[in-house]
Every structure is written in C-alpha cells, then in structure tokens.
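These notes concern the structure reproduced below.
The values are calculated or read from the model by the stated rules, or taken from the named source; none is laboratory data. Since we're looking at a predicted model, the values are computed, not measured. Using ideal geometry, Cβ is built from the backbone for each residue, glycine included, and neighbour counts are taken over all protein chains shown. Protein only, heavy atoms only, side chains kept; ligands, DNA and RNA dropped before computing areas. Shrake-Rupley method; radii C 1.70, N 1.55, O 1.52, S 1.80 Å.
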6 protein chains.
Amino acid sequence: MRLLVINPNTTASMTEKIGFAARGAASPGTEILALNPASGPVSIEGYYDEALSVPGLLHLIQTTPGFDAVIIACFDDTGLDAARCLTDRPVIGIGEAAYHFAAMLANKFSVVTTLGRSVPALEHNLHRYGLATRCARVRSSEVAVLELEHPGSDACNRISAEIGRALAEDRAEAIVLGCAGMADLAGRLAAEHGLPVLDGVTCAVKLAEAMVGLGLKTSRLGGYAPPPVQKLRATA
Amino acid sequence: MRLLVINPNTTASMTEKIGFAARGAASPGTEILALNPASGPVSIEGYYDEALSVPGLLHLIQTTPGFDAVIIACFDDTGLDAARCLTDRPVIGIGEAAYHFAAMLANKFSVVTTLGRSVPALEHNLHRYGLATRCARVRSSEVAVLELEHPGSDACNRISAEIGRALAEDRAEAIVLGCAGMADLAGRLAAEHGLPVLDGVTCAVKLAEAMVGLGLKTSRLGGYAPPPVQKLRATA
Amino acid sequence: MRLLVINPNTTASMTEKIGFAARGAASPGTEILALNPASGPVSIEGYYDEALSVPGLLHLIQTTPGFDAVIIACFDDTGLDAARCLTDRPVIGIGEAAYHFAAMLANKFSVVTTLGRSVPALEHNLHRYGLATRCARVRSSEVAVLELEHPGSDACNRISAEIGRALAEDRAEAIVLGCAGMADLAGRLAAEHGLPVLDGVTCAVKLAEAMVGLGLKTSRLGGYAPPPVQKLRATA
Amino acid sequence: MRLLVINPNTTASMTEKIGFAARGAASPGTEILALNPASGPVSIEGYYDEALSVPGLLHLIQTTPGFDAVIIACFDDTGLDAARCLTDRPVIGIGEAAYHFAAMLANKFSVVTTLGRSVPALEHNLHRYGLATRCARVRSSEVAVLELEHPGSDACNRISAEIGRALAEDRAEAIVLGCAGMADLAGRLAAEHGLPVLDGVTCAVKLAEAMVGLGLKTSRLGGYAPPPVQKLRATA
Amino acid sequence: MRLLVINPNTTASMTEKIGFAARGAASPGTEILALNPASGPVSIEGYYDEALSVPGLLHLIQTTPGFDAVIIACFDDTGLDAARCLTDRPVIGIGEAAYHFAAMLANKFSVVTTLGRSVPALEHNLHRYGLATRCARVRSSEVAVLELEHPGSDACNRISAEIGRALAEDRAEAIVLGCAGMADLAGRLAAEHGLPVLDGVTCAVKLAEAMVGLGLKTSRLGGYAPPPVQKLRATA
Amino acid sequence: MRLLVINPNTTASMTEKIGFAARGAASPGTEILALNPASGPVSIEGYYDEALSVPGLLHLIQTTPGFDAVIIACFDDTGLDAARCLTDRPVIGIGEAAYHFAAMLANKFSVVTTLGRSVPALEHNLHRYGLATRCARVRSSEVAVLELEHPGSDACNRISAEIGRALAEDRAEAIVLGCAGMADLAGRLAAEHGLPVLDGVTCAVKLAEAMVGLGLKTSRLGGYAPPPVQKLRATA
C-alpha cells in the first residue's frame, strides 16, 4: 500500500518530520511518500496561506502515480474537498482524522493549535464536519508553525501549559494537537497530562490504511463528482 | 492484536456471520474473538432490546481477558458509553464507525436500517455524535434483523430498493447499512448502485486496529472515568 | 391515581426520601408507590451505573400491577426510552421534568449536579431533548450521591456555593438540582438565592398527575412501539 | 386555585369554548376565569394579529386580581415573554404546553395548525424553545380559525386528513393541534388515528395546576425582571 | 427616496439623535423621516417595553404616506415581523442590520448592549435570524438607555470597558453596539479599539437604500402575507 | 467609489454580463471595474474549480490599485476568507449578499443553482454563515453555467420550473438565484412567480456601496489578520 502524504507548505524539514511520523505509524508493507509542493507558502497559518497552497497540492495529486490514498498533512485540511474531486481513492485530512478519533475516545475534546489567526478556520471545519458540538474549545498556544522546527524553542512547554488550561477550564477529556508540526509531541504530552493527546498525522495514516484495506472509495456522486476531462486538462 | 467483537444479541448464527465479516476485514496478526451474551434478546430492534442486552455485554468485557480493543457489533452502538467506563482500551460501536467513515468519503450519507422502530435510536445517536448534519435521512427497509439470517429471503432486494430511493430523494452520496447482519451485503450493493456502501463491522475492525496500532486509549477523565472498585465488584 | 416512582438504585434510604418528597407533592387521591430494584448499583453516577440499573427498573415496571404512570427517579433519566416501550402509560424522567418546567419559568437555567463524571450524560440528555440551548451550563458540586444521605454533611453548602457561581457566571435565571437525592433542598436554596430552584421528583409527580388527568398516553408508534410478545416473555 | 385563561382574540364564542375545555381539564377546586380583551383582532393568524392582541392581554393580567397562574390561550403563545415580566406567577402558553408534553410522549411530533401564514411564527417558537429538533414538521390544514367556530364546517375532516399525511410522510409519533379552537377535537382525532393528539388548552391547565401546586414562580432575574414601577404606571 | 425611521419609544431627544445619525449616513436624495409613537414606553428595555411599543409603531406605518422603506430603530427589532405584514416595502430592524453587516466583516462578533434584562431578547433574535453561531457573546454594559441621552454621563467609558472585555475574553473580531442610542459612539470606539464597531441605525439606512435601489420587496407569501382588509380596518 | 468586481472564472462574456448587471445596480458615482483572472477554470462548478480560481482572484486583488471594496462574483463565494486577509476594504461574496438580503425579506428562502455538484458547497457556505436554518432547500436546475451564456437555450425555463417546485414543496417565501450568470433573469422570474427573486451580483454591489458609504472595514483581528509581509512578497 502506498500513501501519498502531502505537506501543503514548502518547508522541507517539516515534510521530513511529517514523513518520519507517518512512517512510525504505518504498518509493515505501507509505503509513505511524503511530498510538498515546489512553490507556495512556507507555513500555513490562516486562510490566505491555505488558499495559495492548494494548487500545488492538487498538482501533486494529479502528477504522482500509483497511490492508494492521499493524506493532507496540514491541520486546516487544506484543499480537502477539491482533492476529493480528483481521485476515487480515500483523501484524508489530518484535522478531520484527529477529530473523528477523539470523538470516539472522549465525550469532549479541546484543540490546541498554533496562532490565534488559525482558530476561525479550525472552528469552521469543526462546524462543517458536524463535530463542533464535540469540541469544547479551540485554543491557540501562540506558538508559530516554524517555531516547532527549532529544537531549542520552548514551544512544547507553551503547548503543555495550554493543555493544562484546557483541563482546568473546558472539561476536556482529550486533546487534539492542532498542527502537523506537533506530531512528535503527542506521546510526551499524553504521558504528562494523563489523557489522550491526538496527533493528526498518525491518525490519518491509520485511517488511510483502514479505508484502503476495506476497499473504500471516495464517492463520485454529487459534490465530489470528477470534473470534466477538458477542465482537468486545462487547469492541470 | 486481539479484538473482542461482541454481538450483544444472543443469536449465534449472527455472531458467526459477524465474526466471519470481522475476520475478513482484519489484518494478519489480528485475532477476532466474536462472542455473544449467554442470555438476552435474540435481536436488537429498538430501545427495549438495547437496554436488556447491555448487562450481558458489559459482563463479557469484564470477564474476557487480554483484549486490545472492544467492538460492539450492534448498529445501535448498544451500551457504548457504559462499556467505555470499564476499560482504557478503545471501544468502538459499529454504528459510529460507519458514520465516521462515511463522513470522510461523502458530503452526505443516508442510513438504511431494518425496522422503523429502530430509526429514532439511530437518529438519537447521530445527533449526539454530532453527525446528524451529515446524514440526509435514516431510512428503514422494514426487513427484520432475523430475516437477514435466512438466505432465501428477499431482504437484499428490499434493502437495494431503499438505497434506490435514498439516491433519488436524499442527494445521498454514500449509504450506511444500519445493521450488523447486513455485513455481507455491502460489496454487492456498492457495485449495484455505484456509490460507497459502508458496513459497520468491517469499519470498526479497521478503526480498532488503527487505534491499537497508535496506542490510543479511551479517556479516563470525566464521563468515562472508571467506576469505584467496590461498585464494580458489587455489580459484576 | 397510582404513580409508580422507581428509584433505579438500591439505596433504600434514598427511595424513602424520594417517596417522601413525591408524597409531599402529590394531590389528594394520588397514591405514591416508591420502589427500588432488589439488585443493582447503590447509586447512579455515570454511564456504567445507569446501564446496570435498567433491567431492574424494567422488571419493576413489568411486574408492578395497576399503575397510572411511571416516574423514573434518577436525574439521568435512566432507562427512559426502554421503559416507554413497556407501557402506554406516561413515563416521566425526573431530569426531563425539571428541564421542561425550568424552560417555562426562565430564559436560561443552569444545572447543579453531583459529580463531574455525571455531567456528560446530562449534557447528552439535554442535547437530545432539544433543551441544550436553554441550559447555560451543567455544573458539578462534587457532592457524591450518598453524601446527600448523611444529614451532617456540608453537601447543601457546597451545592449552594455552586448555585452562587451559576448566578455570577452563567446568567442563569433558574437552577435545576441534578440529583433525586436533592429533593429536600430545593425550597431552602430557592429562598436563599431568590430564583426558581427545581427538583425533578416533585416536578415529575405533578407532570404525571397532569398527563394522567388528561388521559394522555405514550405513543405506540415508531420508537416506542411495544416489543413483540415473545421477546417480552423471553427477557422479562 | 384560580387560573386566568386569556384568549387574546376578541371572539367571545371562542373564549367560551376555551373556558369549557379548560374547565373540563381542571381539577376540583381549580377555578377557571376565561377572559378576552375588549378590543383587538377577532382571530390570531400570523404576526400582525399577534402584535395587536398583546396590549389587551397584558392589560387583563394587570387588572385582574387574585390569580395563581396565567394561561395564554393562543397557539402562537402571543405575548408570553412580556406577560412573564408582569407577574411572578407561572405564565404558560398553550403552544409551549403542548410541545413540552408531546416531547415526553413521543420521539417526534408534527403540528397541524390552521393557515399557512401562521406556520413561520410556530416554527420560530419551536426553534426558540429548543424543541424544533423534536418537531418533524409544522403543517397547515388551511382551516381558518373562525371556521372552527362553525359546527357545520368540514374543518375536522380536513384536519384529520392532514394528520393522515403527517403519519405517512413525517414519521410523527404524536400530533399537536395548532389552535386553541381545536380544543374539542383532540379526543376524537386521537381515537381515529391511534396516536397521542395534544390540545394546548388542556395541557396548559394541568401544567399551571402542577406549577402552582409546587409553589413554582416565574424567575425575576434577567429577561423576566419586572419593569420599573414608573414604566408600569405609564403604560398600564 | 424616503425612509421612514421609527424610534418605537417615545423619547423625542432619542428620535432626534437617531434622525441625526440616519441623515449622516443617508445618500444625497434620501429623505429621512424620523418619528416616534405618541404614546408608549419612554425606553425599550426588555420584553414588556417591546410589546407595548408595537401598536404605536404599526400605527405609524399604517398612517404615514409615501415611504420607500421602513427602519425600526430599536435594537430589539421591535415588531419587525408584524410590520412586514403591513407593507411590501423593505422593513429593516437596526439589530438585524448590524448583525448581518458584522457577519460579513468578521468571523465572530460580540454585542455590547445596555441592561442585562435586554440580553435574552437579543439572544432570541440572533438565534432566530440564524446568526447566533456568529455571535461570540451578548454583553451588557449596565448603562440604561436614557443614560445615553445625558452628555455628562460616563456611559461611553463603561461601554468601552465592556468592549475591552469582549476583546480579551471572546475572540471577538468586531463589536455590534446594542442600542439605537449608541449611534454616535461607534466611530470613536472603533478608533479606540482598532476593530469594526457597528451601529445599527446607520447600517439600516444603507441597507434600506440598497434594497430600494434594487427594487426589492418584502415577500407577500407565507408568514408576511398581508392581513385581510377587514382586519386591518378593525385594528388600525 | 470604485468597486473591484471579480469574476473568478476566465469566461470573458460572463465577466461582461456581470459587469453590465453591476453597473445597472450601481449608484451614480460608483465605478465598476469588472475583471477576471487571466488563467484558471472557464466556469466554477464545484470544489475543484473553486480551488483553482482562487490564486488568480487573489492576484487581481493584490495588483489592482485603488479600489474601495471587492466583490467576488461567483455564487460559491470563492476565496472569500483568503481575500479578506489581503485588504481592510469590505470584501463581499455574491452568495452571502443574496442570502443576507433574502433573510430580511422572507422567513425562508430556497436557492436555485446550476448543477447538483455545486449543491454541497453552497450548503456548506450556508451552514457556516449561520443562515442554513433560513434556507428551506438548495435546488439544482441542472443548467450548466455556460449554458446561461447561450441566448437560445431554454435555461430560463428550466430555472423557472425549479422555482415552481420550490414554491410547491418548500414553503419558500423568496428565491435566491445560485449563479452569477443568472443576474439578468431575476426581474423576469420575480414577476412570473410573484415573490422576491434575488440575484447576488446586484445585491453585492449595493452592499459594497453601503459599507463603503459607512466607512466600514474588514476586521484585522483574528482570522482575517493580514499575513506577514515576507509571506505576501513570497506568494504574490
């Protein structure tokens, strides 16, 4: 099985970290192909970055041969709907993966993401997926995405402090980490706080394996119907 | 990995069919232990059956050693919350498994279940999980659960006809089959109608494998906190 | 008129207190039959206790002759849906009774219950009844159910302090007491805080009298349709 | 106990019918004082009629001495919030009374009201009370309010036909009759269709008796706080 | 173009201030006719005042000739639905105008109104308009409506302090001022806090101009259908 | 005042039609600058087209000097959130403009759009704006966007037939036309069916004039905060 894991931003070190986390979660026999677009934003923090990263992401889906499922490794689930129009293979966003898992492990969860500017986009997604009623609160740690790439930063401590506030104020029973770049922190934070801490990259890898294993496909009816061939040619 | 798959009703042929479907979905190395309570309702069709099957189900969880996750193989997700209080292992209902998968493969799905009397319980679950906004409609085929155990019945045809109505009237992009006893029909109906048709048993097996693979646990905080030891002793 | 008031836990002193409160609220000519199951949990604090108390509760409904309505005297409205399948008489949960009354006396109410572990089950009920939008917040006093049975405890003070917080933080215009064991505290707390404080036991008694007086019955269609006779025989 | 039952329109025959229904439902010892304003609309069919009937209704509350509760006997629950600002006695709308009762007797109910022009106001109320999720559909029979006052009309047949459609199309488990003038039809229609058919007038009488019996009061905090005395004087 | 701007309370100084604000916002060629009823409450603070001001407001609509649109210049949108039954011209409440504008300038907004007693009515409106999910919180400054008429009061400072709390606690991206009497404060508060601060009077004037400019009319179908002529005659 | 009206697809004849409609709605003194991206999809029908048209749309905003507001003239409100990050001027989608206007002219509206594949994206928007509860149904006429450019097609008849069904089945009190290319049909369809028929292009022009007239700006806080300068440089 071959999973196309796309980091929609152009920061190669982050793609590498995501690939590493994905491989750590993958079953034997699952190949992880972690890619990022050649051009676009270096990090995705809010609506503008999201919009500009989508064409590169779609291009990777259109030009990478032979994958069994696609994972969009940005917590905003950037371009998820458009990507689903391009393939009948499962396409999974790491945000939705983590939310759906959390909803089966806890009555309510809180999200701890990076910057406050990203919060509305995540709330928008939760609302749309239907899972807003399961999320106690989307919190920002005010840790910028690229700070997570600097090993010496105190990013993890600030994220941990925000988890502490979620426990004290939100009645959260689980925590969802709101950035692909936090994939390496989940285990440590779960141990520290004594509750499930979910990272979307690893959740998405397992979900993709699950769907591929069952032969499930993205629907071709309605909103995800494939665009006409002439449009695909014109815009690819 | 060892998955405890509980059919909460007492119909052994159905437990067998569920076990067969579960094994068909399981990865190599996953052992499926398909059990049903010794006493309780022969089928679960509505609130009363649900309530009476729960103690037997909980007893199986309390007395079966060495499982890595529990699957509740009734589409009502019978006893799901109570079961989660008994173990820190993942506990997955086949209803929620199918709903969460469908929500990642289609914009909207419809459910086709057995009898009309079961519809409110499913609507209740969807509402609670947050996924009611993703479900176009819960439909009943008026096929009783145990009819599904009779190979000569026209159950599959009636279910197929109801799927046809869901396509025509609901703008459904995927179908969720609303009974564990329909596990063997999903492939055929998906091919016939050309859209994803989800069976909860197989979805739950893969979800359980995914969660166990990631070391995820049911939260021990809040609503799923373990009952005090003296209560467990008194009621086991 | 004869009301079957079931305390679903097995603590006889609590059944007595509930019966006393119910009789205090009943009209002349209303007989209160307060019972509890012979076996099951000693208190209901969360999903597990709920599940295990239901069969005993259903058994009491099936074996007690000649009632005009049933009251389920646990604030979780334990087994409410299943009980409604067993009789065409009105079946009222004390939780729903208090919520519906509060919704007609105030724009918003807050709930003050016992332990935090019970909060998700109450939120779940409110969501399902439709009244979640009317409830400002479900609060826990961290008073255990059986503490309410000890006259010397400071339970009432702690509940009162939580009501104070509901007034200060929630814009609550009324308070619902979230445990059958608090039935004797409502009057005193209402006087102390100057707002309606609702106890579910007394509300349910009056609602039952109201429905019986009007000849209203539980619907026999759809979700509350009676189970087939052979099932009732097999599981009773 | 003395219940002030206000028909907010000025049609005396309807006030009489409402009074008759209310007395039929009342317990011994409950006095029903059925009044209507001296001036205002002859029937309440939509927002305009509602608005113009409110001052007369409020005036009756302000000038009628010695009541224990108020019932607003128009299915739109005309002026309910304003009336609650005028008294700490319970104030109950017949619409809300029927909705709350229906929600405890059935999983879902449909409303059958008079004219299509009244439907949005009822939907608005249901949405606000929180009970919109419990109502399958608000239907109009296109029977005008005053037709219900003509014994020879085929109003009941048309209402019955609409109930038939609710059963066939809405999965309704109970019916709420959406007009005070239908108070005399509920029993007959329930028998004909074999499901609970609720009339708001009788439900409200029993609810008022229940609340008065428990000593419950309308909250004086927040939205129902009494207006300052000088305002009451100026506008009474 | 001629806009009928109705202050539903009887405080002439406030009508004047509203007229002044409206004229400041109006395009050249737009005539503002600012009126208030001859009798009724001096300020509108909650449900009771609302109800009593509506007949005067409707009377002004029925007796003022030659307007192109109506603006209801009370933040509760007093009598909005009834007014729409009286004319096919656009009828706009200043509350809805400000909410709809805020929803197109920010992801979430908070409302700062006068007294706490007005909060439930505003929440009710937001819920009904559908925009409750866009409003972070309705806050009260505890500034009474008529304090806003006293130039020497510290009303603006207290409102500003409440905006500060909305920024700190609500993640509000815009503020809606919840009273017609605050029309003169919006510019100053926007500059002070660095975010959009919306006043409903000016928003409504521009919306009315927009709708009239496009020839848009209030629907005559369903809930806003005109009352029968004999009713209009009888109640005018 | 200068309004930048962007047709996000690349069909110049449609840009022209949109510009013509916009100019027809604009006040004297308002300049309409109607542009489309140089490259991208020829029509926007669903998620894929949407995603690919956004970068061209954002580029036009970044490179066109001197506008007072931006109108996104595609009914999907393509790229709306990202566009708002680029400017403090009002940015208005034609979809939201029409929805907000319809919500002030009718209790409920239905949408009639082009192809079924576009329906989920519109439902998604309505849900997010909060206005889903005001929309009875999103309907597709199965008229493709570019058919609207062919004068001889029977597109208008098919749209009219769908409006007829909305009236008969949805209790719709107003209709929103779900495509920029339908801008020229609104007047005729409103006259034919006797209810408000809203076209988003003209609504958005008037809303933009209204907001600019009031000096209102897009919030710079939270989700619409401007991206850092280095990102804007890198991605422009």
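Values for this structure:
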read-out	value
Signed unit charges on C-beta, dipole axis of region C:96-200, positive-most listed residue C:Phe109, C:Leu198, C:Leu148	C:Phe109
Diffusion constant of region A:35-124 at 37 °C, which comes from Stokes-Einstein with the Kirkwood Cα-pair radius and 0.692 mPa s, µm²/s	234
Estimated FRET transfer efficiency when R0 is 41 angstrom, pair C:Phe20-A:Phe20 (beta carbons, to 0.05)	0.05
Where rotation carries C onto F, the chain C residue whose Cβ is nearest that axis, in whole Å	C:Thr133, 6
Calculated [θ] (222 nm, deg cm²/dmol) that DSSP helices of n ≥ 4 give over the protein assembly as shown, each run adding -39,500 (n - 2.57)	-13000 deg cm²/dmol
Drop in accessible area of at least 30 Å² in the complex versus isolated chain, residues of region F:197-226, 1.4 Å probe	F:Lys206, F:Leu207, F:Ala210, F:Met211, F:Leu214, F:Leu216, F:Lys217, F:Ser219, F:Leu221, F:Gly222, F:Gly223, F:Tyr224
Contact order normalised by residue count of chain A, Cα under 8 Å, 6+ apart, percent	24
For B:Glu149, inter-copy label distances in nm, listed shortest first [label point 7 Å out on the Cα-Cβ vector]	4.1, 6.1, 6.3, 6.3, 7.9
Estimated distance in nm for a label pair at D:Met1 and C:Ala191, the labels positioned 7 Å out from Cα along Cα-to-Cβ	2.2
Distances in nm from C:His59 to the matching label points in the other copies, shortest first (labels 7 Å along Cα to Cβ)	1.1, 6.4, 7.1, 7.1, 7.6
Inter-copy label distances at D:Asp88 (7 Å, Cα→Cβ; nm, one decimal)	4.4, 5.2, 5.2, 5.2, 7.1
Heavy-atom accessible area, 1.4 Å probe, ligands and nucleic acids excluded: residues of region F:66-112 down by at least 40 Å² from chain alone	F:His100, F:Phe101, F:Met104, F:Leu105, F:Asn107
For the protein assembly as shown: accessible area per residue (Å², 1.4 Å)	30
Using alpha carbons only: equivalent-ellipsoid semi-axes of the protein assembly as shown, gyration tensor based, whole Å	44, 44, 30
Sulfur and carbon atoms: percent of accessible area, the protein assembly as shown [1.4 Å]	54
Dipole magnitude of region C:86-199 about its Cα centre (Cβ charges: Lys, Arg +1; Asp, Glu -1), debye to nearest 20	360
Rg and Dmax [Cα atoms of region B:78-118; Å; Rg one decimal, Dmax integer]	13.1, 35
Area buried, chain A against chain F - accessible surface, total, 1.4 angstrom probe, square angstrom	2700
Shielded by partner chains, region A:13-56 residues - at least 30 Å² of accessible area, 1.4 Å probe, vs chain alone	A:Tyr47, A:Tyr48, A:Ala51, A:Leu52, A:Pro55
Scaled radius of gyration (Cα, divided by 2.2 N^0.38 Å) that chain B gives	0.96
Point-to-point label distance, B:Ser27-F:Val229, nm (Cα→Cβ direction, 7 Å offset)	5.0
Alpha carbon convex hull of region D:1-71, volume per residue in cubic angstrom	77
Kirkwood hydrodynamic radius over Cα pairs of region C:96-200, then Stokes diffusion coefficient at 10 °C and 1.306 mPa s, in µm²/s	119
Amide H partners (placed H, <5 Å) of F:Val138, local residues excluded	F:Val111
